Each structure stands twice: as C-alpha cells, then as structure tokens.
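Every number here is computed from the coordinates shown, using simple stated rules; none is lab data. These numbers come from a predicted model, not from an experiment. All Cβ positions, even for glycine, are placed from backbone atoms using ideal geometry, and neighbour counts span all protein chains on display.
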Amino acid sequence: MTMLRTAFLPILFSLTLFMSATLIFIVQPMVAKMILPLLGGTPAVWNTCMMFFQALLLGGYAYAHLSSSRLPVGKQVTLHAALLLLACVVLPVAISRHWIPTGEATPIGVVLILLFFSVGLPFFVLSSTAPLMQRWFVWTGHPSSSDPYFLYSASNAGSMLALISYPSLIEPLLPLHEQSAYWSIGYIALIVFIVGCASFTWRSARRCYLGESTGIAGSAPPHCASDAAPPGHSQKIRWVALAFVPSSLMLGVTTFLSTDVAAIPLFWVIPLALYLLTFILVFANIPQPVNRLMLRLFPIAVIVLLFINVPMTKPAMWIAILFNLATFFIVAMVCHDELARTRPPAQFLTGFYLWMSLGGVLGGIFNAVVAPLVFRSVAEYPLVLALAALLIFRGTQLVQPSASPRLSRVLDVLLPVLLGGLTFWLTVEWPLHGLFVMELSQTLKISHTVMTYAIPAVLCYAMLFMKRPRRFALGVSAVTVALIFSHGWNQKVIYQERSFFGVVKVSENIEGGYRLLVHGNTQHGRQSLDPALRDEPASYYHRTGPLGQVFTEFSGKKRKEQVALVGLGIGTVGAYGEKGQRFTFYEIDPLVRRVATDPALFTYLENCKADWSIVMGDARLKLEDAADGAYGLIVLDAFSSDSIPLHLVTREAFSLYFSKLDRSGILAVHISNKYIDLAPVLGRLAEDAGLVGYLQDDREDESIGKYHSTWVLLARDKKYLGALPADERWTQLKSDKSKAVWTDDYSNILKVFIWK
C-alpha cells in the first residue's frame with residue numbers, strides 16, 4: 001500500500017462518517033419543525049416521531065450487521081448503492097399539508113406513514129453508514145484496519161457539529177425549504193464519498209481472494225482474521241446496559257434541570273453535546289489515567305448529586321447545573337469507556353454497534369415513554385444513577401474476597417436497607433418528627449443539614465471503601481428510594497402527577513395563605529386560601545395587571561360575548577367571566593385540566609359566572625375547527641416555560657387567530673419569560689399583518705399576590721382597543737424591519753434570547 005493511499009484512506013472514511021452523522025442530526029430537527037404546524041405538539045405526535053427515528057436508527061444498524069455478516073462484499077456494495085440511489089426519489093425532504101387526513105385526530109399510523117414516505121428511506125440508509133463504513137474499512141488492508149473503531153469518533157464529531165450548528169447557524173439563517181435543499185445536496189455529496197469508499201473496499205476484497213469478486217459472506221479479510229470466539233449473551237447484555245445508562249441519564253438530566261432547576265430553552269443541547277463528547281474521547285483512545293480518574297470520581301459525584309438534588313437543600317442554580325452536568329459527564333465517560341474497552345475484534349464490529357444502539361434506544365424509550373407513565377416525579381434519573389453504580393463496579397478490581405462470603409452477602413443487602421431507612425427517617429417532613437430531628441441535631445451539636453444529608457452520604461460512601469461494590473450500589477439505590485418517598489410525604493405538596501408534558505404539582509403556602517400550581521418549575525397560577533379572596537384573580541392575571549385592565553375595559557355592555565383562552569392553567573381567567581359570556585379554554589395537557597376542574601384543588605372554574613368549556617389538543621389545530629369570526633377576544637397564554645411552542649407565534653398562526661376573531665376582535669398575548677423576549681417577534685408580525693399593537697411590562701404591586709407579567713395587545717385598528725391605548729401603562733409595540741418575520745418556514749429563537 002502506497003504512502004499516499006495509507007494517508008488518504010482514513011481521511012476518506014472519516015469524512016464519510018462525519019458527513020453521514022451530520023446529515024442525521026440535521027434532518028431530525030428539520031423534519032420536526034416541518035411537522036409541528038401540521039400535526040401539533042401532542043405527546044402522541046412527539047412520541048411517534050421519536051419512536052420512528054429510533055426504530056429506523058436501530059433498523060439501520062441491524063441492516064449493516066445482517067448485510068455485512070451474510071453477504072459477500074461485492075453484494076454489500078451493490079445493495080447499499082441501490083438503496084442510496086432509491087432514497088433520492090424522496091428528495092428534497094418535504095411534508096405537505098395536503099398529506100394530512102382530515103378528522104378529529106391524527107392516527108399514529110398516519111404519522112408513521114407520513115414520516116416514512118417523506119424521510120424514512122434516506123434516514124434508514126444514513127443510520128447504517130457508521131457501522132457499515134467501519135466494516136468496509138476493515139477490508140481495505142490499511143494498517144489501522146484491524147481496529148477501525150477510531151472512525152466512530154469522526155461520526156460523533158459530525159453529530160456534535162450538527163447539534164451545535166442547527167440552532168445557532170442553520171435555523172437562524174435558512175428557511176425550511178432552503179434547509180431541505182442544502183440537505184439534499186449534502187446527501188448527494190455523501191453518495192459520492194460512499195462510492196469512493198466502496199471502490200477501495202471492493203478492490204481490496206478482490207485482491208484478498210485472488211480475483212473472487214464476491215469474497216466470502218460474513219468473513220473477515222485474512223489480515224484481520226481472529227480466533228476469538230463470538231461475544232456471548234452476557235457480554236451482549238452488558239453492552240446494552242452500558243449504552244442504556246448514559247442514554248437514559250442524558251434525557252434524565254435534561255428533564256430534571258429543565259423542570260426542577262431552570263427552564264432554559266435549548267438547554268437540551270448541552271447534555272447531548274456532553275454525551276457525544278464522551279463517545280469521541282473514549283473511541284479516540286484517551287490515556288488510561290484519565291479513565292481511572294473518572295472511575296475514582298464516580299462514587300463521590302453520584303453521592304453528592306443525590307443529596308444536592310433533594311428539593312429541601314435548594315442549592316444555587318449554577319451549583320445544581322454544574323454538579324448535574326459534571327456527574328452525567330463522569331458516568332457517561334465511565335460507561336462509554338467500558339464499551340470501548342470491551343469492544344470485540346473487527347469481524348464482530350457491526351454486532352457490537354447493533355447491541356450498543358439497542359441500549360441507546362431502550363434508554364430513550366424508558367425515559368420518554370415508560371417513565372411518564374410509571375413515575376410521579378423525575379424518579380428515573382436517580383434510579384438510573386443507582387443502576388450505573390451497580391453496573392460500573394461489577395467485576396472491577398474494587399471487589400474484595402471475604403472470609404465469610406455468606407455473611408458478606410447478607411450484609412450487602414441488610415446494610416443498604418438500614419441506610420435507606422435511616423435516610424428516610426432523617427429527611428421525611430412530618431411535623432412532630434421534624435422537630436424531633438431538629439432537637440436531636442442540637443443535642444448532638446451537629447447542624448441539621450449535616451445530620452440530615454451528610455451522615456447518610458458518608459455512610460453510603462463508606463460502603464465503597466469496604467470493597468463491596470454491590471453493597472455500595474444497593475446503598476445508593478436505597479438512599480435514592482428513601483429520598484423519593486420522603487419527598488413524597490412532604491405535607492406541603494397536596495397533589496403531584498406526571499404526564500408526557502412534565503410534572504404537575506399543587507402545593508400550599510400556609511404562611512402566604514395561597515395554593516399554587518407548578519408545571520415543571522414554572523408557576524401557572526395561584527389562588528388565595530382566604531374565602532373572601534378566593535375568587536379574586538391573582539398572579540399574572542391580577543385585576544390591576546394588564547389582562548385585568550383588558551377585562552375591566554371590556555365588561556358590562558362592552559363585554560366580549562365569546563372568548564377563547566389558549567392555555568388553561570388553574571382557570572384563573574374564569575374569574576372575569578360574566579353571565580351571558582362563553583369562555584372556551586384550549587389545553588393540551590390532561591393533567592392540567594384535571595387540576596383546574598377539581599374543586600378540591602382550585603375553584604376558579606367552579607365559580608365562573610360565564611359558561612365555559614375545555615377543548616383538548618393542540619390549540620392551533622383545534623382553533624381551525626372554530627367558526628370564522630366567532631370570538632371577540634383570544635387570550636394566548638402559552639409562552640412562559642422553556643418549551644416555547646413556536647408554531648403558535650408565526651405569520652400563519654396569527655392569520656388563523658384573526659380569521660377566528662370578529663372585525664373588532666382583540667388578541668392578548670402573554671409573553672412573560674425569563675429567557676425569551678417575544679416582543680420584537682410580535683412587533684414584526686403585527687406590522688406584517690397591518691395590525692396595531694400595544695405592550696405593558698407590569699412590575700407593580702407584586703406584594704399583593706400579583707406576579708410580574710408582560711402582555712401584548714393586537715387589533716386591526718386602535719379604536720377597537722377602547723381607552724387602553726390612552727393609558728400610559730401601555731406603550732406602542734415597536735417593530736424592527738431589519739428582522740425577518742417568523743413563519744412556519746422560518747424562526748430564530750437565538751435572536752430573541754435574553755443574554756443576561
């Protein structure tokens with residue numbers, strides 16, 4: 001092999017894997033953005049999309065494994081080339097509204113068919129590229145071909161590039177139709193690279209078998225032939241588990257931080273980037289001292305994290321984010337390093353990737369589908385950390401033989417159970433019990449925090465120093481379960497459930513005298529416990545606030561007979577209802593409806609004087625069913641959390657809203673958000689549609705149960721807003737013509753991010 005060819009081959013194959021991974025990570029958010037305005041953001045749609053892409057990813061790995069193990073190299077190349085060319089038929093990727101059937105709901109089968117015919121075949125072929133190209137590289141006879149796993153780092157580098165560049169460059173600069181066009185060009189370019197790889201592979205295979213162009217199905221080239229036995233079932237299960245843990249933790253840490261710490265848009269990019277970075281590092285053969293350091297840090301990080309994440313500790317936001325991300329990185333590094341360390345010889349490469357992919361898919365399914373159905377909180381996150389402890393230390397050098405094996409096995413279970421009981425006893429918040437623990441800590445001259453959290457942590461870590469990893473792992477599990485259940489006994493929380501949209505919690509503040517609904521970590525309304533104030537609207541909807549001013553202006557004879565409200569919350573706006581009015585709430589989360597309509601929790605709807613109804617589903621899709629000109633007022637209240645439903649704030653969406661408003665109709669938009677400033681977006685939309693707009697940023701009287709809120713009013717003419725434009729608290733909405741109008745085809749969330 002010439003020096004030029006020796007240097008060129010790794011570059012060619014690395015670029016091919018890099019391009020393939022980049023295209024995979026670009027097409028998923030691109031297609032999701034195409035689907036959102038057409039199908040809405042319901043769990044059925046999102047879960048179907050997620051399952052579709054994960055199933056195709058696994059299918060691509062299975063195809064690579066089966067084709068490389070059962071077909072000669074020549075037929076592999078021919079088959080793959082045919083699939084690559086066949087996938088070009090659906091380019092450029094597009095999804096038309098005319099493909100969506102009319103009806104009450106979009107069946108899951110229709111979503112799957114839609115995705116399959118729009119992007120299914122290209123995604124399937126791309127998914128097979130990483131394992132298949134590495135398998136082909138083995139046949140090139142390159143000096144590195146006996147261990148081609150270094151190419152996987154190139155694949156993950158491409159994934160990371162796409163992950164970072166899509167929200168920061170591609171989405172802000174290109175509308176969807178241009179994204180699809182450029183993606184199609186990239187796909188064609190990838191075909192050229194794969195053809196180049198195939199030509200080298202085919203020629204090398206022919207030389208290996210002295211002119212036999214077909215080679216031998218499932219064989220390895222002579223220079224890579226190995227006498228190693230195929231991986232056993234236990235090894236395959238371990239690969240699945242080692243891939244499952246980081247995949248699950250990546251989603252778990254994202255969910256936990258975005259719901260319990262800081263609802264920051266696009267935050268999911270950071271855990272996913274760390275996840276990919278660990279793959280890049282371990283398959284690039286980082287020095288062993290780094291791996292040993294990660295293994296040493298793992299138990300410390302897990303124990304500290306378990307107690308930092310307890311709601312009662314309330315660490316600073318940056319501390320919570322830092323420790324959670326650092327622990328996730330350490331665990332992912334250790335798991336992925338174990339995968340890299342136990343990788344099989346090159347002839348079993350595709351099977352290795354298949355089992356690893358299965359573990360990743362199972363981790364995604366567990367967090368996205370199973371956990372919301374099984375757990376009332378984000379319990380899967382600490383539980384998988386405990387699983388990681390058991391998995392990582394199993395069979396390591398930390399295990400110490402015992403003089404009394406039977407006693408040790410008993411203690412492996414008994415001590416963790418006792419530790420879990422102690423942790424529950426110290427952390428549960430029963431009133432009299434809490435006083436007893438406080439008095440005990442004072443008697444022993446130990447701070448309450450140290451006694452409650454540090455003592456169980458030290459005891460748990462001590463189990464590791466006993467050289468019993470199983471005991472340590474079970475200890476972590478016991479502490480995890482104890483903390484979950486002790487928090488569940490917290491009497492301040494009177495209701496808590498979980499859906500595919502997150503954790504819904506109702507709690508009472510006895511001192512403040514109110515009951516509160518929290519969705520994730522975003523407050524969605526509060527109601528006074530004082531009977532005299534119980535029917536008074538509070539929080540963002542206070543009578544002296546912007547929305548209260550709107551209902552005051554348009555009350556009595558000037559009232560709007562038909563009102564649509566996008567976002568139910570606890571039904572606070574129902575307090576403004578008058579006899580003869582009709583309020584129609586649009587809500588997507590069944591748990592929110594359950595909370596708002598339960599008079600044992602909140603009574604705004606029960607005491608609403610107007611007739612009211614709740615329409616379940618994606619608001620934009622459901623509003624299409626309303627009669628044109630049906631409403632006098634639409635209240636749009638869906639932008640206060642991290643998951644900004646962008647399809648509700650586009651040119652097409654606003655055209656829909658005003659088609660459902662009568663001539664004098666008003667659109668009131670709640671845009672309070674700590675991280676996103678939607679005022680410039682609404683300003684451009686208003687100017688584009690020829691509307692007048694007014695904005696109020698209300699920061700007054702927060703001590704009387706009113707929250708800081710920002711609202712925008714839009715109408716076809718200033719006169720339809722009554723006396724509100726003359727109120728100095730309302731200022732005219734500004735428009736910046738240098739900024740593009742948001743449409744279903746284009747939006748740029750980074751441009752409106754509050755960088756403070």
Simple spin-label estimate for THR6/LYS718, 7 Å along Cα→Cβ, in nm, reads 8.0
The simple spin-label model distance between GLN523 and LYS734, using points 7 Å out along Cα→Cβ, in nm, is 2.9
Sorted on mean Cβ neighbours within 10 Å (highest first), peptides 179-186, 580-587 come out as 580-587, 179-186
Residues whose modelled amide H sits under 5 Å from the amide H of VAL615, counting only those 5 or more places away in sequence or on another chain, are PHE585, TYR586, GLU587
Contour minus Cα-Cα span, ALA726 to THR743, at 0.36 nm per residue, comes to 3.0 nm
To the nearest 0.05, the calculated FRET efficiency linking LYS75 and ARG296 through their beta-carbon distance, R0 being 60 Å, is 0.75
The residues LEU661, LEU295, sorted from fewest to most surrounding Cβ atoms within 10 Å, come out as LEU295, LEU661
With label points set 7 Å from each Cα along the Cα-to-Cβ direction at LEU373 and THR552, the distance between them in nm comes to 5.0
A chain fully extended from LEU91 to ILE286 at 0.36 nm per residue, minus the present Cα-Cα distance, gains in nm 66.2 nm
Which of LYS660/LYS739; LYS33/LYS737; LYS674/LYS719; LYS558/LYS579; LYS660/LYS718 exceed 22 Å between C-alpha atoms? The answer is LYS660/LYS739; LYS33/LYS737; LYS674/LYS719
About its Cα centre, the stretch 617-696 carries a charge dipole, from +1 on Lys and Arg Cβ atoms and -1 on Asp and Glu Cβ atoms, whose size in debye to the nearest 20 is 120
Computed for the stretch 553-752: size of charge dipole around the Cα centre, +1 on C-beta of each Lys and Arg, -1 on C-beta of each Asp and Glu, debye to nearest 20, value 460
Checking rank on 745-753, 530-538, 241-249, with mean other Cβ inside 10 Å and highest first, the result is 241-249, 745-753, 530-538
For the stretch 553-752, the Cα convex hull volume per residue in Å³ comes to 129
Plugging the Cβ-Cβ distance of ARG534 and ALA273 into 1/(1 + (r/R0)^6) at R0 = 41 Å yields, to the nearest 0.05, a FRET efficiency of 0.30
Nearest-0.05 FRET efficiency for ILE237 and VAL110 at R0 = 51 Å, using Cβ-Cβ distance, is 0.90
As straight-line cross-link partners of LYS505, the qualifying aspartates and glutamates (C-alpha separation under 16 Å, not fewer than 8 residues apart within one chain) are ASP260, GLU497, ASP589, ASP598
Residue span ILE188 to LEU414: 0.36 nm per residue of separation minus Cα-Cα distance leaves a gain in nm of 75.2 nm
